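S.K.: One structure follows; several queries about it will come next.
The values are calculated or read from the model by the stated rules, or taken from the named source; none is laboratory data. In this text, all values refer to a predicted model and were calculated from it rather than measured experimentally. As a convention, Cβ positions derive from the backbone with ideal geometry for all residues, glycine included, and neighbour counts pool all protein chains shown. When the accessible area is computed, the model is the full protein with side chains, heavy atoms only, and any ligands, DNA or RNA have been set aside. Shrake-Rupley method; radii C 1.70, N 1.55, O 1.52, S 1.80 Å.
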Amino acid sequence: MSEFIMLSRRDFLKTGALVGGGLILGFYLPFADSDSCAAEQTKGFAPNAFIRVDHDGGITFIVNKSEMGQGVYTSLPMLIAEELECDWRKVTVEASPVAAVYDHTVFGSMVTGGSTSVWSEWERLSKAGATAREMLIAAAAKTWRVEPASCHADNSRVIHASGKALAYGELVDKAAKMPIPKDVQLKNPDTYKIVGTPRHRLDSPAKVNGTAQFGLDTRLPGMLTAVVARSPVFGGKVVSYKADRAKAVPGVKQVVQVPSGVAVVAKSFWGAKKGREALDISWDEGEWAKLSTPDMHRDYAGLAKTPGLIARKAGDPEQAYALATHKISAEYHVPYLAHAAMEPLNCTVDLRGDGCDIWTGSQMQTGDRNAAARIAGLKPEQVKIHTTFLGGGFGRRANPHSDFVIEAVEVAKVVRKPVKVVWTREDDMRGGYYRPIWSDRLTAGLDGNGNLIAWWHTIVGQSIIAGTPFEAAMIKNGIDGASVEGAQDIPYAIPHLLVDLHSPQIGVPVLWWRSVGHSHTAFVVESFLDEAAHVTGKDPYEFRRVLLVEKPRHRGVLELAAQKAGWGSTLPAGRGRGIAVHESFGSFIAQVAEVSVTPEGVVRVHRVVCAIDCGRTVNPDTIAAQMQSGIAFGLSAALHGAITLKNGRVEQSNFHDYPLLRMNEMPQVEVHIVPSKEKPGGVGEPGVPPIAPAVANAVFALTGARLRTLPMTPETVLKAMKG
Amino acid sequence: MIALSVNGKLYQVEVPPDVPLLWVLREQLKLTGTKFGCGAGLCGACTVHVDGKAERSCQIPVKDAQGKKITTIEGLAGNHPVKKAWLTEEVSQCGWCQPGQIMAATALLKENPRPTDGEIDNAMVDNLCRCGTYQRIRRAIHTAAQEAGKGGKK
Ligand code: FES
Ligand code: FES
């Protein structure tokens, strides 16, 4: 038995011991061997799957969301701890297994994505904490033979009106026997002590001392390592291969064909990689072997001139446009983008006749588990997913097609030993599931007073949702909501508008990439709106303010960002300022960027002022961190990011040709959070969309050059400056 | 057999001489705090100290590491001012790049106890962070420099 399984076993035993001897408001669920039936037992009354209180007062929260940097191993515990009234310093976190009780409260399976974790778990986790608190209070009241109402909980103790107190650790046995209250009173948010205050992340110490366990750090006794040679063209298949030379490489154990290619299995990573280099494979490259991205942009631009499926129509845009005194029109293009999380993809599988254990950083555990079961010929409940830390996710590890999990199970099926499939950076970069290429055509009409009266936005790009289990819920009348989000719900008061969509089918796999559709719609809408402002000679900030008169939260962040950035004040020579505002994932964000452009056409971003209204906050420090992070992520794309294809082959391979933002390019980011009692929104993604248009608008303000194509490479900038 | 001195301990490992030090640390020595990001000297996730200098362990064939003093994140004292500053400034997000960042920052501060922003950028420019923690890294390096400075005066 592997040491990792031993570990789980030990936890199971510990947990099992606690079943009789401690308060486990998760019963035996987390580590029991029959997750699913335990889950059934708790269905409809879930709160107790999330908390464990030990005799020594240690508090464990079982978290059902994947920690990929967004701080969810801290923010969700804060929600529980607030109601549990426990000592925050005693809190530790465990990753939940896959079970129905841990399903996303809206999506109905285990998913971390869509910047939904805080708002979708707020009520459930608050109730989980409050339920535990009430049971601890009841236990103390019973001990003292007093009314529960004469007791309260604070800092892991129950305190009676007389002043006597019992620590949670002393109460666990009794509390476990208390009836579970049906209805619990949640705290008035105005009395919160933890939620809404900056807290240090619970995962930081392990990440700073190198002990945090990520997928790639998984080690099992007797484990082998595999790398897979995949088709150079998406959708290609192996025709034949010669493995003799690969097998002669020291350490190589096996060469096996799997549906995605040929896997070289070795004692160590290096042997597998060397073995792969020695493989000789002939491929049937399939129908996409001629694909090139410049052709795609050309075709897309042609499509954008034809009417698509209507996503939204208001008023009579054609007639309004006919009556307009100023008319403008422009085309925008953005490229494929790779997620390029710093931890390359990997997945470790221990497949046995009667079960399967998988260690990986997944954002979609239920889907991955079910896919693994299908491939392995097991029942879903025979497959256990051990969620590790994720060295970045950004959507790539939330794949409805479960690509990296399925492939690893395929390899394990042949190898029949614990095996870790490792993707090199090159594999990861060329592995597809990109942010789609988008081409947009926009037309606007303004009246004699400079009022925006007509707006026509045609979007062209692949659907992310088509062909996934989400299709039924998220594609309506042929419109993939993720393709038009941020465009069809444009916040500006424009009386006549039309947003339509073309969804060409291309063999390059696409996926949600941090902020999904907003990653392109914010750039296009906020840039073109700037163009409209300039046609009328109006200040782009004032132009927006007027059009947002009925959108107080948009306007609130717009005004706050402008004010903090000193909008309108004189900048040093050679500096320009641009603004953008965008709503996504329930949060409202405005950013003001200050830029300069070198004579060589290099755009430098010096300062970004970011105002966010994400409703009620949990951990303000995490919100600030996520804004800094989103801005850096968005800048990597705006300034550098592009995956291009030639003859069906991805041209980029590593960070020299797919550069990420570096330390010397990081602007000073100032984050201002709007105090709010509104429903909480997300923070992981919404920081990304506004930065590209804020920078492009700043470049325009400085140089008069309008950047309508991303990334803003020196060549595109110089070309735009020459007009 | 290749002899390695890592974090003050001597190891004998049987690996081909051209295997990068990174993989020997991670696989044979089980020191998985050192991370793999690119394998090409482009990201700094694999940064360790070789005789006190920050080096990319993915670019060092293990045979060339013989006879040198290697320090990994695990070998840096838990109360090291840089580690402490990383916690104070709450730098980490996903955390994957951070051991490499910390090793690079530690080497920088050894050479230059009071770096300016520009000197920090120069020293850290090859350590990528996809989560964009750069601003906090900069601040943490200043914090560590101050703390170490205080310690020195005692
Ligand atoms: S892994 Fe060594 S520099 Fe990236
Ligand atoms: S913290 Fe995620 S890559 Fe740096």
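S.K.: How much net charge surrounds A:His339 when only other residues with a Cβ under 15 Å from its Cβ are counted (Lys, Arg +1; Asp, Glu -1)? Don't skip to the answer; put the middle values down first.
M.R.: Working: positive: A:Arg396, A:Arg397, A:Arg425, A:Arg430, A:Arg435, A:Arg514, B:Arg130; negative: A:Glu343, A:Asp403, A:Glu426, A:Asp427, A:Asp428, A:Glu685.
Residues close to A:His339 contribute a combined charge of +1.
S.K.: Using helices alone, I'd like the mean residue ellipticity at 222 nm for chain A: each DSSP H run of four-plus residues gives -39500 (n - 2.57), total over residue count, nearest 500.
M.R.: So the calculated ellipticity at 222 nm is -10000 deg cm²/dmol.
S.K.: Would you mind pulling out the separation of the Cα centroids of the stretch A:438-501 and the stretch B:45-107, in Å?
M.R.: Between the Cα centres of the stretch A:438-501 and the stretch B:45-107 lies a distance of 47 Å.
S.K.: If I take the Cα coordinates of the stretch A:205-282 and project them onto the principal axes, what are the three extents in Å, biggest first?
M.R.: 49, 30, 17
S.K.: For the stretch B:2-75, what percent of Cα pairs sit more than 21 Å apart?
M.R.: On the way: 285 of 2701 pairs.
For the stretch B:2-75, the share of Cα pairs beyond 21 Å comes to 11 percent.
S.K.: A follow-up question, please. For the stretch B:81-147, what is the largest minus smallest coordinate of the Cα atoms on each principal axis, given in angstrom and ordered from greatest to least?
M.R.: 28, 23, 17
S.K.: For chain A, which whole-number percentage of the solvent-accessible area (1.4 Å probe, protein heavy atoms only) is attributable to carbon and sulfur atoms?
M.R.: Working: 13920 of 26190 Å².
The value for chain A is 53 percent carbon and sulfur by accessible area.
S.K.: Hey, if you drop one equal point scatterer on each alpha-carbon of chain B and run the Debye formula without solvent, what base-10 log of I(q)/I(0) do you get at q = 0.10, 0.11, 0.15, 0.17 Å⁻¹?
M.R.: -0.34, -0.41, -0.74, -0.92
S.K.: Please work out, to two decimal places, the log10 of the ratio I(q)/I(0) at q = 0.09, 0.13 Å⁻¹ from a Debye calculation in which every Cα of the stretch A:521-659 carries one identical scatterer.
M.R.: One equal scatterer on each Cα of the stretch A:521-659 leads to -0.34, -0.68.
S.K.: Chains B and A: how much accessible area gets covered up at their contact, both sides added, probe 1.4 Å, in Å² to the nearest hundred?
M.R.: Looking at B and A, the buried total is near 4500 Å².
S.K.: Something else now. Of the heavy-atom accessible surface of the stretch B:81-147 (probe 1.4 angstrom), what whole percent is carbon and sulfur?
M.R.: Numbers: 1000 of 2050 Å².
With neighbouring chains kept in place, the figure for the stretch B:81-147 is 49 percent.
S.K.: Same structure, new question: Among the DSSP beta bridges whose two residues both lie in chain A, what percent are antiparallel, rounded to the nearest 5?
M.R.: Looking only at bridges with both residues in chain A, the antiparallel portion is about 75 percent.
S.K.: If all Cα-Cα distances of chain A are sorted into 20 Å bins from 0 onward, what percent lands in each bin, rounded to whole numbers?
M.R.: 17, 46, 31, 7, 0
S.K.: Give me the percent relative contact order of chain A, please, defined on Cα pairs under 8 angstrom at least 6 residues apart.
M.R.: So the answer I get is 13 percent.
S.K.: Spelling out what I want: for every residue of the stretch A:195-211, take phi, set θ = phi - 60°, compute 6.51 cos²θ - 1.76 cosθ + 1.60 (Karplus), and round to whole Hz; glycine and proline get x.
M.R.: 5, x, 10, x, 10, 5, 5, 6, 8, 5, x, 5, 7, 8, 9, x, 8
S.K.: Moving to a separate point now. For the stretch A:503-554, which trypsin sites (Lys or Arg not before Pro) pass both filters: DSSP loop (anything but H, G, I, E, B) and at most 16 other C-beta atoms within 10 Å? Walk me through the numbers on the way to the answer.
M.R.: Details: sites: A:Arg514, A:Lys538, A:Arg544, A:Arg545, A:Arg553; in loops: A:Arg514, A:Lys538.
Within the stretch A:503-554, the qualifying trypsin sites (Lys or Arg not before Pro) (loop, at most 16 other Cβ atoms within 10 Å) are A:Lys538.
S.K.: How much area per residue is accessible in the stretch B:81-147 when the probe is 1.4 Å and only protein heavy atoms are counted (Å²)?
M.R.: Accessible area per residue: 31 Å².
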